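Following: one structure in structure tokens, then a few remarks.
The values are calculated or read from the model by the stated rules, or taken from the named source; none is laboratory data. Just so we're clear, the structure is a prediction, and the values are computed from it rather than from any experiment. When we count neighbours, we look across all protein chains shown, and the Cβ atoms used for this are built from the backbone with ideal geometry, even at glycine. All accessible areas refer to the heavy atoms of the entire protein, side chains included, with ligands and DNA or RNA removed. Shrake-Rupley method; radii C 1.70, N 1.55, O 1.52, S 1.80 Å.
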Amino acid sequence: MRLYDFTRPGSVRAALTAAHENSAYLAGGTTLVDLMKLEVLAPSRVVDINRLPMRGIGVDAGGLHIGALERMSDVALDERVRTRYPMISQALELSASPQLRNMASMGGNLLHRTRCGYFRDLTTPCNKREPGSGCAALTGHNRMHAVLGTSESCVATHPSDVAVALVALDTQVHLEGRQGARTVALAEFYRLPGDSPQVENDLRDSELITGLTVPPLPWATRSTYVKIRDRQSYEFALTSVAVALDISGSRIRSARVAAGGIGTRPWRLGAVERALVGQPATLATYEAAAAPAADGARTLPHNVFKPALLRRTLVRALLALGGQS
Ligand code: SF4
């Protein structure tokens, strides 16, 4: 790890002033410190934001509000989150390990860097770590990599579980920077890799995520997050889905569906949602709706199984949530 200077400001304004081009904000530190030890990241200044007033979980007519510094475990355990938005709690509880969830912040998790092994290995080419150097994953080990939203420059998946649930719920992200505050849709916040995979999101220089708002959705009480992975603990998704269903009688009135583990960003499945609406809650409906889930997928030699696995993950979640009429 390289030498850096360290500051712990007490206000958002002071944090923005302290930040510069080669600084990094520190919240839980569960990704940043790892990457600094590996020298994948080498900020010359670390700005500890843990004293900033960016905590709190609240529910009102505007929805669910979560401060960016709330720890993942606290949000997962919050009774209002558990009952009103089960898919958020479940996605959090299926992330990382209890120790990491106790440290990691919600804002930090949205900015989680990819778990592509080549990104963390300084001896291999990686366009995300070193633009223009190449992508070792294209010809290397790519079983965990993305099949949607990829480019010739990068095929890394976005690693966050809770971001998948939050995208399905049309979450808004609140940002603050030197030019003032703004709010953006989380779904629009993430960028596709294109030919500049090192630019992962819409954050402008020194901007901070200060909080999230999940709009009200009364029928999100019927929602779930299903994650398929190589082992049942402390592992990233091969595929995952966040699903909410509004069912009246035996007919589906509305649906929200997003997927993880398959895209270079959390992937909203609009075609699946449209195929579910107005249909009876039956296995035949679920299978037909899941059919286009991976349309446009570009598989790699080691992950050709992912489109089919995504469809099966989706049917499992829909069956668990909607049953069969
Ligand atoms: Fe780097 Fe992306 Fe290629 Fe992984 S997939 S080696 S992160 S460029």
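Taking the range 150-166 as the region of interest, how many residues are more than 11 Å from the chain's Cα centre (by Cα), among the small types (Gly, Ala, Ser) and crowded, with 24+ Cβ neighbours inside 10 Å?
Qualifying residue count for the region: 1.
Let me confirm something: among Met36, Met54, which residue is of a type outside the set (Lys, Arg) and in a helix (DSSP H, G or I)?
None of the others qualify; the one that does is Met36.
Looking at the structure I just gave you, is Glu188 under 13 Å from the mean Cα position of the chain (by Cα) and of a type in the set (D, E, K, R)?
So Glu188 passes the test.
Just one of the numbered conditions (1) within 16 Å of the ligand (Cβ to nearest atom); (2) at pLDDT below 95; (3) not charged (D, E, K, R) is not true of Gln179; which one?
Unmet for Gln179, out of (1) within 16 Å of the ligand (Cβ to nearest atom); (2) at pLDDT below 95; (3) not charged (D, E, K, R): (1).
Where in the range 180-266 are there strands (runs of 3 or more DSSP E), lying wholly inside it, with at least 1 residues that are of a type in the set (Lys, Arg)?
By residue number, 180-185, 223-228, 251-260.
Considering only residues that are in a loop (DSSP other than H, G, I, E, B) and within 9 Å of the ligand (Cβ to nearest atom), look in the range 121-130 and name the one that is nearest to the chain's Cα centre (by Cα).
The residue in question is Lys128.
Being open to solvent by 40 Å² or more (accessible area, probe 1.4 Å), touching a strand residue (DSSP E or B) at 6+ places or on another chain (Cβ under 9 Å) and among the acidic types (Asp, Glu) narrows it down to one of Glu176, Glu207, so name that one.
That would be Glu176, the only listed residue that is open to solvent by 40 Å² or more (accessible area, probe 1.4 Å), touching a strand residue (DSSP E or B) at 6+ places or on another chain (Cβ under 9 Å) and among the acidic types (Asp, Glu).
Cβ-Cβ below 9 Å, separation at least six or inter-chain, first residue in the range 132-144 and outside the structural domain of Ser240 (by TED's automatic domain parsing) and near the ligand (Cβ under 8 Å from one of its atoms), second in a strand (DSSP E or B) and not acidic (Asp, Glu): which pairs?
Hits for this filter: Gly134/Cys126; Cys135/Cys126; Ala136/Cys126; Ala137/Cys126.
Looking only at the range 145-166, filter to residues that are in a helix (DSSP H, G or I) and in contact with a strand residue (DSSP E or B) (Cβ under 8 Å, 6 or more places away or on another chain); which one of those is nearest to the ligand (Cβ to nearest atom)?
Ala163
With the checklist (1) open to solvent by 50 Å² or more (accessible area, probe 1.4 Å); (2) more than 12 Å from the ligand (Cβ to nearest atom) in hand, flag the one item Gln198 doesn't pass.
Of (1) open to solvent by 50 Å² or more (accessible area, probe 1.4 Å); (2) more than 12 Å from the ligand (Cβ to nearest atom), only one is false for Gln198: (2).
Quick one: which residue in Leu111, Leu94, Leu169 is within 13 Å of the chain's Cα centre (by Cα), more than 16 Å from the ligand (Cβ to nearest atom) and open to solvent by 20 Å² or more (accessible area, probe 1.4 Å)?
Matching residue, one of Leu111, Leu94, Leu169: Leu94.
For the range 239-254, which positions are open to solvent by less than 10 Å² (accessible area, probe 1.4 Å) and more than 14 Å from the chain's Cα centre (by Cα)?
If the condition is that a residue be open to solvent by less than 10 Å² (accessible area, probe 1.4 Å) and more than 14 Å from the chain's Cα centre (by Cα), then Val243, Ala244, Leu245, Ile252 are the ones that fit.
Of everything in the range 182-195, what is of a type in the set (Lys, Arg) and either open to solvent by less than 50 Å² (accessible area, probe 1.4 Å) or more than 16 Å from the ligand (Cβ to nearest atom) (or both)? Give them in sequence order.
Scanning the range 182-195 gives a single hit, Arg182.
Taking the stated definitions as given, is Ala284 closer than 24 Å to Lys306 by Cα and either crowded, with 19+ Cβ neighbours inside 10 Å or of a type outside the set (Val, Ile, Thr) (or both)?
So Ala284 passes the test.
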